[in-house]
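Structure, as structure tokens:
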Amino acid sequence: MKLTLATVAALAGIASASPYITSGEHQSLDIELDTAGVAVSTLTINLSGMESWDLFGDPDNTLLSFGLFGSAQIIAIDWSLMITAHGASWLSEVNINLSNTDKSGSFNLTPGSGNDAPGTGSFSSGGFVDLVGPGDDFALNADGQLHVELYESFDDVDDAVDATFGTASFIRVQYVPAPGALAVLGLGGFISTRRKR
């Protein structure tokens, strides 16, 4: 069962101030209920044309922030990326870090791991990779912010672009809302069912 963003916003009482706002047009959101009736949401983040600059935490790095449900649990990730490493930079140096606001929970993706060469490479997970099993899942803070930073594990040239993400590059993040949000979604399903009778 798929719920639209507008439906979720209305159910959560946030239709006039949707939390699903980010910079530019780099996101889309789908919400489905799994067989147990748990809402599993998927955030798609478009990285096409984005750049990787310097070491983690450098102010030149590309930073994105997405407002999701407070205390949502990040449970899986999927990626399809075309990366071009410039100059002496290697494909294995490009990293994508996903974290909560205070960095108490995070996941680091190195899509070109082991590809110690410059040039262009395509990297795909081939579907969602479970983060829960290996203990790599994490919860967002109460503010519901998911932060994404593109960075280099080795900075070949300070204050210069080391890598660029090509056309149709994206990551998808699956998460489950906090228990309070699940209750709202469950109530919405109950109301819909009652109206059909």
**OP:** Could you check the simple spin-label distance between S122 and D102, using points 7 Å along Cα→Cβ, in nm with one decimal?
**Re:** 4.3 nm
Subject >> Packing-based exposure ordering (other Cβ within 10 Å, fewest first) of F138, F66 >> reply: F138, F66
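Each value in this text was obtained by applying a stated rule to the coordinates, not by laboratory testing. Everything numeric in this text was worked out from a predicted model, so none of it was measured. So basically every Cβ, Gly included, is an ideal-geometry build from the backbone, and we count neighbours across all protein chains shown.
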